[in-house]
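Some notes on the structure that comes next.
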Amino acid sequence: MTDTIFALSSGRPPAAIAVMRISGPRADAALGTLAGSLPAPRTASLRALRDQAGDLLDRALVIRFPGPATATGEDLVELHLHGGRAIVASVEQELSRLPGLRLAQPGEFTRRALQHGRLDVIQAEGLADLLEAETESQRRVAIAASEGRVSQTAREWLGRAADIAARVEAELDFGDEDDVASHAGYHPASDAGALACDIEYALAQPSVERLRDGITVVLAGPRNAGKSSLFNALLQRDAAIVTPIAGTTRDVLEAVVSRAGIPYRLVDTAGLIGDTTDEVERIGISRARDLIDRADLVLWLGVPDDAPSNALKVASQCDHRRPTDEHDIATSVHVPETVDALWTAIDQRCRIYVGWSDGMAFRERQREDMASAARELRCAANEDDPLLQAEHLRLATRWLARLLGIDAAEEMLDALFRRFCLGK
């Protein structure tokens, strides 16, 4: 990797300021060519940037960050330009003319940070999630990942697994030597089982994808039960067509709304009836039943006895229909307090799906590695043969190392030589 990359790191122009970043071995040379001289490291300096003919491109604040203590681990330069399209384009054109410089590929700055050890895989994934976060819960989880809290937990698991594995390996290979005698007779079942419990607890928490996709709440019930009116009231806008004509809603209508930092996917469905000869209505009812089966919560506006098991039984239109004792809540779209109360009830029923104790969540890719590690640790805890225990522990360590994108063998060797005096 000898080329130097550059790209606009702020939003697309026009804007008040446009930040152009240059990373690589020729970053300082590029700045010197444009600005004429180099400022002191990590000091913002005003410079006139000029092209090869000496014409002024812009007057900009420039900052240089000598590597490796930079975001990418390389020499890094920032040009804080005026945010006009023509200015940005002219500076990009001038940089592209310099030898050894090229426009960066998408994500290439973060990739270089990963390759230079400034980030691990989990932090890089957390940074990507942070850029895409749309709700408060997503932002908090992404911050935990990008700032290294999730990696720290994963590293602690890896350290514990490597330590258990190292003890077993040492007992197998050097148990007859005096300098490892202090660990003779070590049984890993308790330590391996405890570590598996900790990983399984983390797996029981919602995934990053779960927090991103939100909670699915389906409004269902018979025709003319007030589903679409309630759908609009929950969204506080007219998303669905509402008429007194039975069967107005014939297909699925979805909308995403965020409440208290949690994303909800609200789904209005066709009214449920028995047999119908209308093909379009039959398809709509089929889709409604499928969504009811897959919903996190169903707002059921029909007869309470017909409600599915995952339902909140809603007595809609309570301003002219009397609710029964079997209903969970009564609402009227003409009484805003009842709609607010329904949101509170939804939150109480659904928070378990996205609740987490420490603000950390793992992506599905990470959870697969964690599940594999926990499974191997369980096998090690239940295995009596030391050779098979060692193999399960090796595999558990490998899965946890893969979670972090590092070399499992190196991690276990570090643990081995840190704990035991094996050198002669």
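The values are calculated or read from the model by the stated rules, or taken from the named source; none is laboratory data. As the structure is a prediction and not an experimental result, all values here were calculated from the model. Neighbour counts run over all protein chains shown; Cβ positions are idealised from the backbone, glycine included. Keep in mind that these areas ignore ligands, DNA and RNA; they rest on the heavy atoms of the full protein, side chains included. Shrake-Rupley method; radii C 1.70, N 1.55, O 1.52, S 1.80 Å.
Out of P323, P308, P336, which single residue is touching a helix residue (DSSP H, G or I) at 6+ places or on another chain (Cβ under 9 Å) and open to solvent by 40 Å² or more (accessible area, probe 1.4 Å)?
Values: P323 fails: touching a helix residue (DSSP H, G or I) at 6+ places or on another chain (Cβ under 9 Å); P308 fails: open to solvent by 40 Å² or more (accessible area, probe 1.4 Å).
Selected residue: P336, the only one of P323, P308, P336 that is touching a helix residue (DSSP H, G or I) at 6+ places or on another chain (Cβ under 9 Å) and open to solvent by 40 Å² or more (accessible area, probe 1.4 Å).
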Residue check, Q152 against (1) at pLDDT 90 or above; (2) among the polar types (S, T, N, Q); (3) in contact with a strand residue (DSSP E or B) (Cβ under 6 Å, 6 or more places away or on another chain), all met but one. Which one?
(3)
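Among the listed residues L61, L103, which satisfies the condition of being surrounded by fewer than 18 Cβ atoms within 10 Å (Cβ to Cβ), at pLDDT below 95 and touching a strand residue (DSSP E or B) at 6+ places or on another chain (Cβ under 8 Å)?
On the way: L61 fails: at pLDDT below 95.
Only one candidate qualifies: L103.
Can you name the residue in the stretch 35-53 that is within 19 Å of E92 (Cβ to Cβ) and of a type in the set (G, A, S) and is also surrounded by the fewest Cβ atoms within 10 Å (Cβ to Cβ) among such residues? Break it down into steps so the answer makes sense when it comes.
So the first thing to find is which residues in the stretch 35-53 are within 19 Å of E92 (Cβ to Cβ), and the list is 35, 47-53.
From the residues that got through so far, the ones that are of a type in the set (G, A, S) too are 35, 48, 53.
On the way: A35: 20, A48: 12, A53: 5.
Among those residues, the one meeting the criterion is A53.
For residues that are more than 24 Å from the chain's Cα centre (by Cα) and touching a residue at least 40 places away in the same chain (Cβ under 8 Å), scanning just the stretch 393-406, find the one that is least open to solvent (accessible area, probe 1.4 Å).
Of the stretch 393-406, the ones more than 24 Å from the chain's Cα centre (by Cα) are 393-395.
Still in the list and also touching a residue at least 40 places away in the same chain (Cβ under 8 Å): 393-394.
Working: L393: 1, R394: 82 Å².
My answer is L393.
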Does Q152 qualify as being open to solvent by 80 Å² or more (accessible area, probe 1.4 Å), over 17 Å from the mean Cα position of the chain (by Cα) and not charged (D, E, K, R)?
no
Keeping to the stretch 64-83, report how many residues are over 16 Å from G117 (Cα atoms) and crowded, with 18+ Cβ neighbours inside 10 Å.
7
Which residue is farthest from R140 (Cα to Cα), if the candidates are limited to the stretch 259-295 and must be part of a strand (DSSP E or B) and open to solvent by less than 60 Å² (accessible area, probe 1.4 Å)?
D268
